[in-house]
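*Asks:* One structure, as structure tokens, below. Some questions next.
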Amino acid sequence: MFPSLPFSFILIPMNKTNICREAEQYWGFDIRDLDTSVRPTDDFFHYASGGWIKKNPIPATEAMWGSFSVLRQDNRKKLKAIVEEVSSSKKSPKAGSEEQMVRDLYTTGMDTAKRDRDGVVPILPILQKVSEIKKPEDIIPLTSYLHKLGFGGLFGFFIDQDERHNDKNIIYLSQGGLSLPDRDYYLKDDEDSKRVRTEYRKHIMAMFKLSGKTPKDSAIMLEAIMLIETELAKASMTQVELRDIEKQYNKRTIEKLAKEAPGADWQKYFRLVGISKTGELIVNQPVFMKRVGVIIGEISLDEWKAYFTWHVLSGSANFLGKLFVNEHFKFYSTILAGVKKQRPEWEKVVNFIDGTIGEALGKLYVKKHFNHEAKKKINELVDNLFSAYREHIEKVDWMTLKTKKLALKKLSAFRRKLGYPDKWKGYKGLVLRPDSYVENYFRVHAFEWKRGIAKLKKKPDLKEWHMTPPTVNAYFNPVMNEIVFPAGVMQPPFFDAEADDAVNYGAIGSVIGHEITHGFDDQGRQFDSTGNFKNWWTDEDKKKFEEKAKVIENQFNNYIAIDGIKVNGALTLGENIADLGGLTIAFTAFKKSQKGKSREILNGFTPEQRFFLGYAMTEREQIRPELLKKIIVTDPHSPPIFRVNGPLSNMPEFYEAWGVKEGDKLYRKAKERAKIW
Ligand SMILES: [Zn+2]
């Protein structure tokens, strides 16, 4: 995945007459975004984007701001126009049509007066269910009931392709049940973890107060929540352990699971969520599931009631009235991410529609905004990237011929999806009403839950998408061996048909290369050409790959992100490999595309220099300190500055283009530079 991507609105062709006058030619990069007081060979991130950063402080409603966020904001406005058109049309849409669904979600979401009036009333029946548990055996049925409505709690469950037999779907059980972003927040004793825990406790008290509980009851419930979540945190894998696919692939029969993790009636859970017959399943964290079984019996029923009450309240807060929304925002956005001000309601509701019936909205978005010309050109770029990749694999000197052959086989087997799905998911049977926002939220979840369960009886759908069309992002899916680029990312500054080739290769070219490289990073390389998790590497090649990856891990371990806190090289390894690989391959593809063309200088920059400016432009992003601290713990992507300076300091192509010499801050000795592909 590639969540930290970027854009500059100055680059849309409309403004091009204002920029780059010296060159009298628009080439896709605004030189006013540079900070020429910084030497490019010391800190390319700030050289390329320092000017932009000074002119574009993070808006109060955002936790980060950069090319990626600007384009997302721009897309949200397009979605808003669509949603408002559908919602304000005098003609009532046909019941059951996607227009009707969009309208009902939007109008119930925007009716804040009604949401305020309703208070907790819409969730009372659910809270009632929680209060009715009478014995430990009731906890599993309650969990299944809450999961179906979209609440987290106790553990995670989903259905997806079997990683070793990807022609089948299978049940997965995984760790879960926490309200803070990671186990570390419960277990670590550094200043920031302690600060977050203190604020979390205050937040729980405030939410209970809003829901009508006395301070005395709330205080008792608070301790129960902390107790249970801390128990679950202790049994959870760390973020780095979660990158180990082998460790998490534990196939079990239901009988074996029952033996290993007694205390929870798993069969009953599956039956209640709608699975009549459970064959095999995959238990991602057997230790965690065992612990769940144990604590069900050890922890008192009153404590469990407190825990589930909290999950219902916190999970629905954003859909209730403003007192709940404000308190939820204060903790999750201000304390955890540093955001100063809430987004306007329409933005939140549009995000929600995109996140729930996103293909219904996406279909309307594509009709209005999809650029078919861009798709054609990007398709060509993808071809060029693949052919450059082939050359690189053929040329690597550390891999045996045997493994190389299989790597090339995998490369030729990659599938690609561009723009939007060939086959839309559809929402037939989903009943939404103009009555209540939070109830519509439950209805959508119950509907998607059923869709998920039905997968168990079907073959994996090769046409399915895991991002909606307006999403400004891209992904690689190892079990499908596919790269996917939604319409949202096929726009400036990632791709601009009017921009210079160098900038496009540096921008979208690097993104495409990044996604392909995920197929050959420390995780992706463990899947073969058919998308199955299966070792196709000789021991010798595996060892060499790991040594090479270690160089990148060590490099990033030394970067200080904030307040002396270092980047986690092991957690970010896959993304860092993908950044370096993506840039390297995109550079080769760019050079190939320029054969026979004139070497034009624009604004004093060579084509090679412009390639790197294009890359830095897409990675342009500023982050609030609070969010940065959270990212360091939970995000497999490195902070933006290191996503630029890190890979570039490994690339001889960059040294040559910008004249990096010993003594420059980005200089690394030749033997210390990382290179895999
Ligand atoms: Zn990625």
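The values are calculated or read from the model by the stated rules, or taken from the named source; none is laboratory data. Being a predicted model, the structure only gives us computed values, none of them experimental. Reconstructed Cβ throughout: ideal geometry from the backbone, glycine too, with neighbour counts over all protein chains shown.
*Asks:* Could you figure out which of (1) small (Gly, Ala, Ser); (2) under 30 Å from residue 671 (Cβ atoms); (3) within 16 Å of the ligand (Cβ to nearest atom); (4) assigned to a helix (DSSP H, G or I) isn't true of residue 507?
*Replies:* So residue 507 meets the others, but not (2).
*Asks:* Considering region 154-196 alone, what residues qualify as being of a type outside the set (Ser, Thr, Tyr), over 21 Å from the mean Cα position of the chain (by Cα) and crowded, with 18+ Cβ neighbours inside 10 Å?
*Replies:* 154, 162, 166, 169, 170, 171, 192, 196
*Asks:* Another one. Can you confirm whether residue 81 is in a helix (DSSP H, G or I), small (Gly, Ala, Ser) and buried (at least 20 other Cβ atoms within 10 Å of the Cβ)?
*Replies:* In short, no.
*Asks:* How about region 79-100: which of its residues are among the polar types (S, T, N, Q) and over 33 Å from the mean Cα position of the chain (by Cα)?
*Replies:* 89, 92
*Asks:* Restricting attention to region 644-677, and to residues there that are acidic (Asp, Glu) and over 16 Å from residue 556 (Cα atoms), which single residue is farthest from the ligand (Cβ to nearest atom)?
*Replies:* It comes out as 662.
*Asks:* Something else about it: Restricting the search to region 606-645, which residues are hydrophobic (A, V, I, L, M, F, W, C) and farther than 21 Å from residue 192 by Cα?
*Replies:* Residues satisfying the conditions are 611, 612, 613, 616, 617, 641, 642, 644.
*Asks:* Out of region 527-552, which residues are within 16 Å of the ligand (Cβ to nearest atom) and assigned to a helix (DSSP H, G or I)?
*Replies:* Passing the criteria: 549, 552.
*Asks:* Restricting attention to region 512-536, which residues are β-branched (Val, Ile, Thr) and within 14 Å of residue 161 (Cβ to Cβ)?
*Replies:* 530
*Asks:* While we're on this one: Quick check on this structure: which one of 232, 173, 154, 227 is in contact (Cβ under 8 Å) with a residue 60 or more places away in the chain and either closer than 30 Å to residue 481 by Cα or among the acidic types (Asp, Glu) (or both)?
*Replies:* When all the criteria are applied, what remains is 173.
*Asks:* Could you tell me whether region 166-181 includes any residue that is at pLDDT 95 or above, assigned to a helix (DSSP H, G or I) and among the small types (Gly, Ala, Ser)?
*Replies:* No, region 166-181 contains no residue that is at pLDDT 95 or above, assigned to a helix (DSSP H, G or I) and among the small types (Gly, Ala, Ser).
*Asks:* Related question: Does residue 464 satisfy the criteria of being under 18 Å from the mean Cα position of the chain (by Cα), modelled with pLDDT of 95 or more, in a helix (DSSP H, G or I) and of a type outside the set (A, V, I, L, M, F, W, C)?
*Replies:* So residue 464 does not fit the description; no.
*Asks:* Within region 201-214, can one find any residue that is crowded, with 20+ Cβ neighbours inside 10 Å, touching a residue at least 24 places away in the same chain (Cβ under 8 Å), under 24 Å from residue 123 (Cβ atoms) and among the aliphatic types (A, V, I, L, M)?
*Replies:* Within region 201-214 (the criterion being crowded, with 20+ Cβ neighbours inside 10 Å, touching a residue at least 24 places away in the same chain (Cβ under 8 Å), under 24 Å from residue 123 (Cβ atoms) and among the aliphatic types (A, V, I, L, M)), the answer is yes, since at least one residue qualifies.
*Asks:* Sticking with this structure for a sec: I'm checking my understanding of the structure. Among residues of region 302-329 that are farther than 19 Å from residue 120 by Cα and out of contact with any Leu (no Cβ under 7 Å at 6 or more places or on another chain), which one is surrounded by the fewest Cβ atoms within 10 Å (Cβ to Cβ)?
*Replies:* Restricting to residues being farther than 19 Å from residue 120 by Cα and out of contact with any Leu (no Cβ under 7 Å at 6 or more places or on another chain), the top hit is 302.
*Asks:* Now for a separate question. Looking at the structure I just gave you, is residue 497 within 16 Å of the ligand (Cβ to nearest atom) and under 15 Å from residue 28 (Cβ atoms)?
*Replies:* Taking the combined requirement at face value, the residue does not satisfy it.
*Asks:* Restricting the search to region 85-103, which residues are buried (at least 16 other Cβ atoms within 10 Å of the Cβ) and not hydrophobic (A, V, I, L, M, F, W, C)?
*Replies:* Answer for region 85-103, where residues must be buried (at least 16 other Cβ atoms within 10 Å of the Cβ) and not hydrophobic (A, V, I, L, M, F, W, C): 87, 93, 98, 99, 100, 103.
*Asks:* If you don't mind, there's one more thing I want to ask. So which of 488, 419 is small (Gly, Ala, Ser), touching a helix residue (DSSP H, G or I) at 6+ places or on another chain (Cβ under 9 Å), on the phi > 0 side of the Ramachandran plot and crowded, with 18+ Cβ neighbours inside 10 Å?
*Replies:* Just one listed residue meets the conditions, 419.
*Asks:* Can you list the helices (runs of 4 or more DSSP H) lying wholly within region 564-677 that have 3 or more residues being more than 18 Å from the chain's Cα centre (by Cα) and either buried (at least 23 other Cβ atoms within 10 Å of the Cβ) or at pLDDT 95 or above (or both)?
*Replies:* 573-593, 607-618, 640-648, 652-658
*Asks:* Could you list, ordered by first residue, the pairs with Cβ atoms under 7 Å in which the first is in region 541-557 and on the phi < 0 side of the Ramachandran plot and free of Cβ contacts under 8 Å to residues at least 24 places away in the same chain and the second is surrounded by 19 or more Cβ atoms within 10 Å (Cβ to Cβ) and in a helix (DSSP H, G or I), at least 6 apart or interchain?
*Replies:* Listed pairs, sorted by first residue: 553/573.
*Asks:* Next up: Of the residues that make up region 510-523, is at least one within 16 Å of the ligand (Cβ to nearest atom), of a type in the set (Gly, Ala, Ser) and more than 27 Å from residue 74 (Cβ to Cβ)?
*Replies:* Looking through region 510-523, at least one residue is within 16 Å of the ligand (Cβ to nearest atom), of a type in the set (Gly, Ala, Ser) and more than 27 Å from residue 74 (Cβ to Cβ).
A quick yes/no check of all residues on (1) of a type outside the set (Phe, Trp, Tyr); (2) in contact with a helix residue (DSSP H, G or I) (Cβ under 7 Å, 6 or more places away or on another chain):
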| position | (1), (2) |
| --- | --- |
| 452 | yes, no |
| 459 | yes, no |
| 476 | no, yes |
| 512 | yes, yes |
| 516 | yes, yes |
| 519 | yes, yes |
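*Asks:* Next question. Can you find a residue in region 418-437 that is assigned to a helix (DSSP H, G or I) and in contact with a Phe, Trp or Tyr (Cβ under 9 Å, 6 or more places away or on another chain)?
*Replies:* Among the residues of region 418-437, at least one is assigned to a helix (DSSP H, G or I) and in contact with a Phe, Trp or Tyr (Cβ under 9 Å, 6 or more places away or on another chain), which makes the answer yes.
*Asks:* Name the helices (runs of 4 or more DSSP H) wholly within region 204-303 that hold at least 2 residues that are more than 19 Å from residue 177 (Cα to Cα)?
*Replies:* It comes to 215-235, 245-248, 254-260, 266-273.
*Asks:* Do we find that residue 461 is closer than 22 Å to residue 611 by Cβ, of a type outside the set (Val, Ile, Thr) and away from the ligand (no atom under 16 Å from the Cβ) in this structure?
*Replies:* No; evaluated as a whole, the condition is false for this residue.
*Asks:* Of the residues that make up region 475-488, is at least one within 16 Å of the ligand (Cβ to nearest atom), assigned to a loop (DSSP other than H, G, I, E, B), at pLDDT 95 or above and closer than 30 Å to residue 653 by Cα?
*Replies:* Within region 475-488 (the criterion being within 16 Å of the ligand (Cβ to nearest atom), assigned to a loop (DSSP other than H, G, I, E, B), at pLDDT 95 or above and closer than 30 Å to residue 653 by Cα), the answer is yes, since at least one residue qualifies.
*Asks:* Right, another one. Which of the residues that make up region 596-643 are touching an Asp or Glu at 6+ places or on another chain (Cβ under 8 Å), within 16 Å of the ligand (Cβ to nearest atom) and under 24 Å from residue 658 (Cα atoms)?
*Replies:* 638, 640, 643
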